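Below: the structure, in structure tokens.
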Amino acid sequence: MRSLALTTGLLLSVIQILPAGKAQGADQFRPALPAPGSRSLVELIDGKSLIKRKQENGMIMFQCVVSQLGRAHYSIAYHGTPDTQKLREEVLVKLERAEFRPALVNGEKKTVLLNGTVMFAIIDGKPRVRVFLNQEEKDLLAGRDFIAPQLILDYGTKLKRIEWPTGAGGNNGTVAMDYTIGLDGSVQGLRPSYEHPKGLNFASEVMRGTEHAPFIPAFRNGKPTASTFTLPFIFRGGLGPSYGTG
């Protein structure tokens, strides 16, 4: 998976300029978004507590299912900068309490797989927290207003359940799949950019399950757009990443 080893100075500069993304003006699609107010993830994360717990500047990526009721389920946090265990714990605890605006397709609520990044910095002795709904290194570093595509968890003829690969035995696996998603949310192309361990069919199982899957398309500067992005899939404990609906 791509490395995001940011220096402290670069991280600070990024956090200061990154805008809050808004998705507006789309009639067919709306991605899952943090709910406004005190139940938003960014408001729930306790920056002052993180300072007291000696958390330094850092970032962490997370993934969760956002249900039609706007609640997060099956949350994981991973792929952070060094020494971010306290931030990881804080994000996971607060995701359990966070509220979201559910994703919509033609006005109908959908359960989706959401991927995001939390950045934490101490600026002039005060905590600063930012939450972004993408994990793309170039977009994060450039401070672009970008919401990554969200996999719609409607299992059936298009999205198939991702099972534990035959022959994988007790080996855990991780796959990073690069998707090109059209303006209509369809998969235009996919290829594995990372697979570990190789040769146990983890990547081919993800491809089988998602090659025709429906997505909420990406939103850039508040408008839906075609895009290419990376989506991680984590196999643990003999279970494929087939998410429930919450």
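The values are calculated or read from the model by the stated rules, or taken from the named source; none is laboratory data. No experiment lies behind these values; they were computed from the predicted model shown. A quick note on method: Cβ atoms are made from the backbone with ideal geometry, for glycine too, and the neighbour counts reach across all protein chains shown. Accessible surface is based on the protein model in full, side chains and every heavy atom, while ligands, DNA and RNA are left aside. Shrake-Rupley method; radii C 1.70, N 1.55, O 1.52, S 1.80 Å.
Points to keep in mind about this one:
- Qualifying residue in segment 221-229 (condition: of a type in the set (Gly, Ala, Ser), surrounded by fewer than 19 Cβ atoms within 10 Å (Cβ to Cβ), touching a residue at least 60 places away in the same chain (Cβ under 8 Å) and closer than 20 Å to Phe132 by Cα): yes
- Hits in segment 36-61 - residues which are out of contact with any strand residue (DSSP E or B) (no Cβ under 7 Å at 6 or more places or on another chain) and open to solvent by less than 70 Å² (accessible area, probe 1.4 Å): Gly37, Leu44, Asp46, Ser49
- Segment 135-181, residues that are among the acidic types (Asp, Glu), under 14 Å from the mean Cα position of the chain (by Cα) and surrounded by 15 or more Cβ atoms within 10 Å (Cβ to Cβ): Glu136, Asp139
- The residue of segment 62-108 that is most open to solvent (accessible area, probe 1.4 Å), among those that are farther than 18 Å from Val129 by Cα and free of Cβ contacts under 8 Å to residues at least 12 places away in the same chain, is Glu108.
- Residue check for Gly222: modelled with pLDDT of 95 or more and within 30 Å of Asn106 (Cβ to Cβ): no
- Matching residues, segment 208-218, being part of a helix (DSSP H, G or I) and in contact with a Pro (Cβ under 6 Å, 6 or more places away or on another chain): none
- Qualifying residue in segment 154-162 (condition: closer than 22 Å to Asn106 by Cβ, among the hydrophobic types (A, V, I, L, M, F, W, C) and at pLDDT below 95): yes
- Counted residues, segment 120-134 - those being part of a loop (DSSP other than H, G, I, E, B), under 21 Å from Ile76 (Cα atoms) and open to solvent by 30 Å² or more (accessible area, probe 1.4 Å): 0
- Filtered residues of segment 182-196 (kept if open to solvent by less than 30 Å² (accessible area, probe 1.4 Å) and either closer than 14 Å to Pro241 by Cα or over 19 Å from the mean Cα position of the chain (by Cα) (or both)): Gly189
- Every pair of residues 6+ apart whose Cβ atoms lie under 9 Å, when the first sits in segment 141-157 and is within 11 Å of Ala32 (Cα to Cα) and touching a residue at least 60 places away in the same chain (Cβ under 8 Å) while the second is open to solvent by 50 Å² or more (accessible area, probe 1.4 Å) and not in a loop (DSSP other than H, G, I, E, B): Ile147/Arg220
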